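We did not get these values from a lab; they are worked out from the coordinates using the rules stated. Just so we're clear, the structure is a prediction, and the values are computed from it rather than from any experiment. Reconstructed Cβ throughout: ideal geometry from the backbone, glycine too, with neighbour counts over all protein chains shown.
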Ligand SMILES: [Zn+2]
Ligand SMILES: [Zn+2]
């Protein structure tokens, strides 16, 4: 995959089409409740690139932006509803992109679970990837990656867009 220097993605209806220049900065599974509800899935796999590495082939004007927190903005296709991007004032130089919308490989595999304490109880994670959680969603957790301890999610954990 290393010969590819760019990768394209699109929403469900195809109106919003974009391209990212590789390599990506990071790729993570986010289990926060905002991702669960915003995307309608048990968890969401995101990757990040510097803003200047994202360009639109078509349909940028079709994106609808939703301010999901005091620092986060999520955007989705106004026609088909595909969730596509998340921007955060906490890391303004990077944009988060939903991996599932990619039509080309990005040359990177998911590296971490974040907001793991907030995960849906019906999600059974059995991979060996590191799990981060706690108050910030990105603190290392004590539990062994090889056992999925069914501990209840922390009710007071803040819901924030993924890092
Ligand atoms: Zn669409
Ligand atoms: Zn999230």
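For an R0 of 22 angstrom, estimate the FRET efficiency from the Cβ-Cβ distance between residue 100 and residue 51 and round to the nearest 0.05.
Rounded to the nearest 0.05, the efficiency is 0.60.
Does a label point 7 Å from the Cα of residue 73, set along Cα-to-beta-carbon, have any residues of the range 80-124 with amide nitrogen under 16 Å, and which are they?
Inside the label zone: 84-97.
Could you check the spin-label model distance between residue 123 and residue 4? Points 7 Å from the Cα along Cα→Cβ, value in nm.
Once both label points are built, they end up 2.4 nm from each other.
Would you work out if the range 58-142 is rounded, prolate or oblate? Take a ≥ b ≥ c from the square roots of the eigenvalues of the alpha-carbon gyration tensor; rounded if a/c is under 1.5, else prolate when a/b is larger than b/c, oblate otherwise.
prolate
Out of 31, 113, 91, any idea which swings most in a Gaussian network model of the chain, alpha carbons joined below 10 Å?
Evaluated over the chain, the most mobile residue of the options is 91.
Can you order the peptides 56-68, 129-141 by their average number of other Cβ atoms within 10 Å per residue, highest first? All intermediate terms of the calculation are to be shown ahead of the outcome.
Working: 56-68: 13.7, 129-141: 16.5.
Averaged packing, sorted descending, gives the order 129-141, 56-68.
First measure r as the distance between the Cβ atoms of residue 58 and residue 91, then evaluate 1/(1 + (r/R0)^6) with R0 = 30 Å and state the FRET efficiency to the nearest 0.05.
Values: r = 27 Å, r/R0 = 0.89.
Once the sixth-power term is evaluated, E becomes 0.65.
Which percent of Cα-Cα pairs in the range 1-110 sits in each 5 Å bin, short to long?
Answer for the range 1-110: a P(r) of 2, 13, 24, 27, 22, 10, 2, 0 percent.
What is the gain in length, in nm to one decimal, between residue 37 and residue 66 on full extension, counting 0.36 nm per residue of separation less the C-alpha to C-alpha distance?
Extra length from residue 37 to residue 66 when fully extended: 9.1 nm.
Label the range 76-120 by shape, choosing from rounded, prolate and oblate, from the square roots a ≥ b ≥ c of the eigenvalues of the Cα gyration tensor; if a/c is under 1.5 it is rounded, and otherwise prolate applies when a/b is larger than b/c, oblate when it is not.
Working: a/c = 1.32, a/b = 1.19, b/c = 1.12.
Rounded.
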